[in-house]
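The values are calculated or read from the model by the stated rules, or taken from the named source; none is laboratory data. Just so it is clear, the model here is predicted, and its values are computed rather than measured. Every residue, glycine among them, receives a Cβ derived from its backbone with ideal geometry; neighbour counts consider all protein chains shown. Protein only, heavy atoms only, side chains kept; ligands, DNA and RNA dropped before computing areas. Shrake-Rupley method; radii C 1.70, N 1.55, O 1.52, S 1.80 Å.
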Amino acid sequence: SEKGELSLYYFAKCHYNTKDYISAAYYFENFTKTYGTSIYAEECAYLVAYCNYLDSPINSLDQSNTMESLKQFQLFANRYPKSQYIAECNTIMDELRLKLETKAFKNARLYYQIEDYKAAIISLNNVVKDYPYSAYKEECLFLILKSSYIYAHKSIETKQSERFKVAIDNYHAYKENFEHGKFMDEANKIADKITDEIKIVSLKK
C-alpha cells in the first residue's frame, strides 16, 4: 500500500531499538532494495552495516559478522561518499580491520606457542602479506625469524643447511623493516646462533 514504505522503515527500526540486530539488518537491507530512492534509503543502508557491527563478537570468536559489516560499510561509502555518516563509517571500518588483524595474528601466534613452527612461519607470513601496515608486523617478522631458526635447528641434517639460510633471510627481513625495533637485540643473538650452526653444518659435509 502507499503506507508500505513507512511501515517497513518503522518495522526495521523497531527491531533495531529492541536490539534484535540480525533481524534489523535484514529488514533495513530489504528496505534499501525495495525503496532505493526513499529519503530513508541512505540511513537504512548505513544501519545494515551498523547492525552487523553491533553484532560483531570479540576477536577470539568467529568473525563472519565483522567481515559482513566491513563489506557493508565499504558498499555504503562507495554509494554515499558525501554522506553525513562517512566519518563514523571510516572510524568503524578501521576498528573492524584491527579486529580482523588481531584475530589473524593471534591464530598465527598460536602455532608458535604450540611449537608447530612450520605452520607458524606460513601463518605469520600470511598476516604480513594480508595486513602490510599492521600494528603486529614487527612481532610477526620476529616470530617468523625465531620459528624458522628453531625449525631449522630441529630439522634432520640434510635439511638444516637450506633451512638455516631461510632463517638468516628472515633475520635480514626483520632488520630491514625494524633496525631499531624492540626485538633487535634478540634477533641479533639468533642471527649469531644461525651463523654458528651454518658453520657446523658445513664442517659435517
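Suppose we filter ASP196, ASP169, ASP185 for residues that are surrounded by fewer than 16 Cβ atoms within 10 Å (Cβ to Cβ), out of contact with any Gly (no Cβ under 6 Å at 6 or more places or on another chain) and under 21 Å from ALA108 (Cα atoms); which single one remains?
Details: ASP196 fails: under 21 Å from ALA108 (Cα atoms); ASP185 fails: under 21 Å from ALA108 (Cα atoms).
None of the others qualify; the one that does is ASP169.
Taking the stated definitions as given, is ALA120 surrounded by fewer than 22 Cβ atoms within 10 Å (Cβ to Cβ), small (Gly, Ala, Ser) and in contact (Cβ under 8 Å) with a residue 12 or more places away in the chain?
no
Kindly provide the set of residues from region 123-143 that are of a type in the set (D, E, K, R) and open to solvent by less than 50 Å² (accessible area, probe 1.4 Å), ordered by number.
Passing the criteria: LYS137, GLU138.
Suppose we filter LYS146, LYS154 for residues that are of a type in the set (Lys, Arg) and open to solvent by 80 Å² or more (accessible area, probe 1.4 Å); which single one remains?
The conditions single out LYS154.
Got a sec? Which of TYR21, TYR35, TYR16, TYR27 is free of Cβ contacts under 8 Å to residues at least 40 places away in the same chain and over 31 Å from the mean Cα position of the chain (by Cα)? Before the answer, list the steps.
Values: TYR21 fails: over 31 Å from the mean Cα position of the chain (by Cα); TYR16 fails: over 31 Å from the mean Cα position of the chain (by Cα); TYR27 fails: over 31 Å from the mean Cα position of the chain (by Cα).
The conditions single out TYR35.
Testing GLU115 on (1) of a type outside the set (Lys, Arg); (2) open to solvent by 70 Å² or more (accessible area, probe 1.4 Å); (3) modelled with pLDDT under 95, one condition comes back false. Which one is that?
(3)
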